[in-house]
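Undergrad: Provided herewith is a single structure, encoded as structure tokens, for subsequent inquiry.
Read-outs: derived from the displayed coordinates by stated rules, not from any lab. Not measured: the values here are computed from a predicted model. In this analysis, Cβ positions are derived from the backbone assuming ideal geometry, glycine residues included, and neighbour counts consider all displayed protein chains.
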Amino acid sequence: MFDFGLWEIAIIGIITLIVVGPEKMPALARKAGLYVGKFKKFVSKIQNDINNEIKSEELKDQLSIKAEESSLSQTVEEAKSSIDEIKKEAAKISDLSSINKNS
């Protein structure tokens, strides 16, 4: 995020030491570390929330695709069974017509 080198950090430290003084420097460093830690946790939480949201959207997409596939396969199975029934009825009719011609 920020690109600080050794010299930049040293200059900031020296200026802070001059402005704040050596007595308050450890407490200030502790507070700065605390705020940096809180900021990192905050950024990490936001990244996790975004990743979870992306994963949930992907799962929703996958579930909707599977539901569509399931619906299509069920429709195909129903069509096959209907075709089988029609074939059986046609065979019965053809058998009856051949019996009637023979009589």
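Undergrad: Quick one: Cα centre-to-centre distance for region 30-98 and region 1-24, in angstrom?
TA: 55 Å
Undergrad: Using alpha carbons only, how many degrees (0 to 90, rounded to 10) separate the axis of helix 6-20 from the longest principal axis of the chain?
TA: 50 degrees
Undergrad: Something else now. Test of understanding: ordering Leu17, Leu6 by Cβ neighbours within 10 Å, fewest first, what list do you get?
TA: Least to most surrounded, the residues fall as Leu6, Leu17.
Undergrad: As a test of the formula, what do you get for the chain when each DSSP H run with n ≥ 4 contributes -39,500 (n - 2.57) and the sum is divided by the residue count, at 222 nm and rounded to the nearest 500 deg cm²/dmol?
TA: Working: 2 runs with 93 residues, N = 103.
Helix contribution divided over all residues of the chain: -33500 deg cm²/dmol.
Undergrad: While we're here: Between Asp61 and Lys38, what is 0.36 nm times their sequence separation minus the Cα-Cα distance? Round to one decimal in nm.
TA: Once the chain is fully extended between Asp61 and Lys38, it gains 4.8 nm.
Undergrad: At Ser70 and Trp7, where each label point lies 7 Å from the Cα along Cα→Cβ, what is the point-to-point distance in nanometres?
TA: 6.5 nm
Undergrad: Still on this structure: So what J values fall out for region 55-61 if you push phi through Karplus, 6.51 cos²θ - 1.76 cosθ + 1.60 with θ = phi - 60°, rounded to Hz, Gly and Pro as x?
TA: 5, 5, 5, 5, 5, 4, 5
Undergrad: Treat every Asp and Glu Cβ in the chain as -1 and every Lys and Arg Cβ as +1, leave all other atoms uncharged, and give the resulting dipole magnitude about the Cα centre to the nearest 20 debye.
TA: Charge dipole of the chain: 620 debye, to the nearest 20.
Undergrad: Straight-line reach only, C-alpha to C-alpha below 28 angstrom: list the lysines that Lys92 could link to, leaving out same-chain residues fewer than 8 apart.
TA: Leaving aside lysines fewer than 8 places away in the same chain, those within reach of Lys92 are Lys80, Lys101.
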